[in-house]
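Visitor: This is the structure I want to talk about, given as structure tokens.
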Amino acid sequence: MKFGIIKERKNPPDRRVVFSPEKLNEFQKQFPASEIEVESSDIRVFSDSEYQEKGLKVTNDVSTCDVLFGVKEVPMDALIPNKKYFFFSHTIKKQPYNRDLLKTILDKNIELFDHETIIKENGARLIGFGRYAGIVGAYNGFRAIGLTDETFYLPKAETLDSQKELILALKNIKLGKLKIVLTGNGKVALGAKEMLDAMAIPSVSVTDYLTKNYEHAVYCIADVLDYNKRTDGQTIDNLDFYNHPENYESNFMRFATVTDFFIAGHFYGNGAPYLFTRKDAKSKDFKIKYVADISCDVDGPVASTLRASTIANPIYGYNPQTESEVDYKDENAIVVMAVDNLPCELPKDASEGFGELFLENVIPAFFNSDKDGVLERSKMTENGKLTARFSYLQDYVDGRE
């Protein structure tokens with residue numbers, strides 16, 4: 001089987017890649033029956049010569065490959081018919097702007113495997129850039145604090161080479177008595193936690209966080225049952241919340257009254273309560289001044305996230321009384337960092353980590369008859385039709401939704 005790494009063609013340019021030269025070299029050594037080609041790119045974080053130095057073939061034409069790996073959406077005119085493609089298609093939630101992309105994939109008889117659909121039997125994601133979103137999101141949140149208060153300066157993450165450099169920069173800042181709450185228990189939250197721990201900020205329990213004052217910065221991790229409660233007063237478990245979110249209401253205000261900096265690293269599921277509403281943010285007891293919304297659900301569970309921000313302009317202000325966007329230095333503003341493509345700011349580390357997960361969890365399926373069903377579960381299209389698991393997208397494809 002012949003595999004190809006495609007050039008990223010979406011604008012704005014994305015420098016990430018599924019496999020670094022080193023990981024692609026490991027791929028070839030582990031599966032010597034495979035053939036691998038790399039499409040030439042002047043955008044990619046790794047140069048053509050770095051792949052060639054590992055003995056990999058770089059070419060301008062990957063049309064002879066059977067399987068093609070990319071990161072972001074492939075422009076419709078660049079899709080090669082009758083191939084297997086892996087990339088983030090941004091179609092599984094019926095995103096209107098990519099309906100024509102999915103239609104073209106079907107018309108060209110392409111087998112699409114969306115990175116988001118590569119899951120275990122229990123539904124847990126096997127690969128993704130979540131950890132790097134958490135790493136960069138936490139860094140950007142601290143950067144926003146420094147820019148707002150003019151107490152310290154951090155360079156943009158995209159100007160630094162690695163997580164190690166981000167950490168070195170963070171270790172030079174002084175925070176004072178900052179209370180930080182981090183929501184979530186997945187890869188995003190753990191990535192953010194790595195940064196807090198690297199800064200030697202003490203982690204405290206939820207109880208201590210809510211009841212004690214400190215003379216130094218502290219943080220706590222809040223899981224779903226810490227900031228949600230059943231309306232009938234019962235305490236069951238996380239699974240009950242995931243299965244029956246309609247039986248819960250937010251209990252996040254108890255954090256909002258004692259928190260300076262909120263890092264939103266949670267996954268928000270349909271039907272779950274909002275963490276805090278616009279009404280909540282108007283309360284005189286609402287203390288949060290800074291929000292790093294890594295989850296970035298616009299106009300949703302974090303009321304201050306009016307829109308996604310950009311790498312070029314990552315920060316804006318939210319005035320809770322007028323419910324409108326203002327300058328982030330406005331004295332009445334909640335300072336919001338809500339970049340929705342954070343891993344792009346750390347393309348080298350993100351690509352290396354993604355390739356490691358891909359080599360471990362996906363590539364073996366091509367050589368072991370897909371014994372764990374990884375490919376079968378993730379395949380969205382086949383023979384010009386949606387597969388059974390993704391048949392819910394038919395109305396979307398047909399333009400009826």
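Visitor: Checking ASP297 against (1) among the acidic types (Asp, Glu); (2) under 28 Å from HIS244 (Cβ atoms); (3) surrounded by fewer than 16 Cβ atoms within 10 Å (Cβ to Cβ), which test does it fail?
Guide: Among (1) among the acidic types (Asp, Glu); (2) under 28 Å from HIS244 (Cβ atoms); (3) surrounded by fewer than 16 Cβ atoms within 10 Å (Cβ to Cβ), the lone unmet condition for ASP297 is (3).
Visitor: Here is a list: ALA222, ALA198. Which entry is on the phi < 0 side of the Ramachandran plot, in the same structural domain as GLY134 (by TED's automatic domain parsing) and surrounded by 20 or more Cβ atoms within 10 Å (Cβ to Cβ)? Before the answer, list the steps.
Guide: Numbers: ALA198 fails: surrounded by 20 or more Cβ atoms within 10 Å (Cβ to Cβ).
On inspection, the qualifying residue turns out to be ALA222.
Visitor: If you check VAL38, VAL18, which single one turns out to be touching a Phe, Trp or Tyr at 6+ places or on another chain (Cβ under 6 Å) and not in a loop (DSSP other than H, G, I, E, B)? Step through it out loud before you land on a result.
Guide: Working: VAL18 fails: not in a loop (DSSP other than H, G, I, E, B).
One residue alone meets the criteria, VAL38.
Visitor: Between residues in segment 275-304 that are under 18 Å from ASN228 (Cβ atoms) and residues that are modelled with pLDDT under 95 and charged (D, E, K, R), which pairs lie under 9 Å by C-beta distance while being six or more apart or on different chains?
Guide: No pair meets every condition.
Visitor: For segment 318-340, indicate whether the set of residues that are surrounded by fewer than 20 Cβ atoms within 10 Å (Cβ to Cβ), without any contact (Cβ under 8 Å) to a residue 60 or more places away in the chain, closer than 22 Å to GLY186 by Cβ and not assigned by TED's automatic domain parsing to the domain that holds TYR51 is non-empty.
Guide: yes
Visitor: Follow-up question, since we're still on this one. May I ask you to list the residues in segment 43-87 that are surrounded by fewer than 21 Cβ atoms within 10 Å (Cβ to Cβ) and within 16 Å of ASN25 (Cβ to Cβ)?
Guide: Passing the criteria: SER47, ASP48, SER49, GLU50, GLN52, GLU53, LYS54, GLY55, LEU56, LYS57, VAL58.
Visitor: Now for a separate question. Would you point out which residue out of TYR274, TYR268 is in the same structural domain as LYS179 (by TED's automatic domain parsing) and touching a strand residue (DSSP E or B) at 6+ places or on another chain (Cβ under 8 Å)? So that I can check it myself, show each step before the final result.
Guide: Values: TYR268 fails: touching a strand residue (DSSP E or B) at 6+ places or on another chain (Cβ under 8 Å).
That would be TYR274, the only listed residue that is in the same structural domain as LYS179 (by TED's automatic domain parsing) and touching a strand residue (DSSP E or B) at 6+ places or on another chain (Cβ under 8 Å).
Visitor: Cβ-Cβ under 7 Å, sequence separation 6+ or interchain: first residue in segment 156-184 and more than 17 Å from GLY134 (Cβ to Cβ), partner β-branched (Val, Ile, Thr) and surrounded by 12 or more Cβ atoms within 10 Å (Cβ to Cβ). Which pairs?
Guide: Here the result reads LYS179/VAL218; LYS179/VAL258; LYS179/THR259, each pair linking segment 156-184 to a residue that is β-branched (Val, Ile, Thr) and surrounded by 12 or more Cβ atoms within 10 Å (Cβ to Cβ).
Condition check ((1) within 30 Å of VAL45 (Cα to Cα); (2) in contact (Cβ under 8 Å) with a residue 24 or more places away in the chain; (3) assigned to a helix (DSSP H, G or I)) across all residues:
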| site | (1), (2), (3) |
| --- | --- |
| ASP197 | yes, no, yes |
| ILE201 | no, yes, no |
| THR207 | no, no, yes |
| ASP226 | no, yes, yes |
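Visitor: Residue check: is PHE241 more than 26 Å from ILE145 (Cα to Cα) and assigned to a helix (DSSP H, G or I)?
Guide: Details: more than 26 Å from ILE145 (Cα to Cα): yes; assigned to a helix (DSSP H, G or I): yes.
Against the criterion (more than 26 Å from ILE145 (Cα to Cα) and assigned to a helix (DSSP H, G or I)), PHE241 qualifies.
Visitor: Any idea which of LYS156, LYS177 is in contact with a His (Cβ under 7 Å, 6 or more places away or on another chain) and either buried (at least 23 other Cβ atoms within 10 Å of the Cβ) or among the charged types (D, E, K, R) (or both)? Can you show your working first?
Guide: On the way: LYS156 fails: in contact with a His (Cβ under 7 Å, 6 or more places away or on another chain).
Being in contact with a His (Cβ under 7 Å, 6 or more places away or on another chain) and either buried (at least 23 other Cβ atoms within 10 Å of the Cβ) or among the charged types (D, E, K, R) (or both) holds for just one of LYS156, LYS177, which is LYS177.
Visitor: Report every pair of residues separated by at least 6 positions or lying on different chains whose Cβ atoms are under 6 Å apart, first residue within segment 241-263 and outside the structural domain of VAL181 (by TED's automatic domain parsing) and buried (at least 18 other Cβ atoms within 10 Å of the Cβ), second assigned to a helix (DSSP H, G or I) and not polar (S, T, N, Q).
Guide: Correct list of pairs: empty, since none qualify.
Visitor: Need at least 3 residues that are under 25 Å from the mean Cα position of the chain (by Cα) and within 24 Å of LEU101 (Cα to Cα) per element, so show me which helices (runs of 4 or more DSSP H) inside segment 293-401 make the cut, counting only ones lying wholly within it. Walk me through how you get there before you give the answer.
Guide: On the way: elements: 347-361, 374-378, 394-397.
Result: 374-378.
Visitor: PHE286: at pLDDT 95 or above and assigned to a helix (DSSP H, G or I), yes or no?
Guide: Details: at pLDDT 95 or above: yes; assigned to a helix (DSSP H, G or I): no.
No.
Visitor: Given the residues VAL18, VAL62, VAL38, which is the only one that is among the β-branched types (Val, Ile, Thr), in contact (Cβ under 8 Å) with a residue 24 or more places away in the chain, closer than 15 Å to CYS344 by Cα and touching a Gly at 6+ places or on another chain (Cβ under 9 Å)?
Guide: On the way: VAL62 fails: closer than 15 Å to CYS344 by Cα; VAL38 fails: closer than 15 Å to CYS344 by Cα.
Just a single option satisfies the conditions, and that option is VAL18.
The values are calculated or read from the model by the stated rules, or taken from the named source; none is laboratory data. On a predicted model such as this, the values are computed, not experimentally measured, just so you know. Methodologically, a virtual Cβ is constructed for each residue, glycine included, from the backbone with ideal geometry; neighbour enumeration extends over all protein chains shown.
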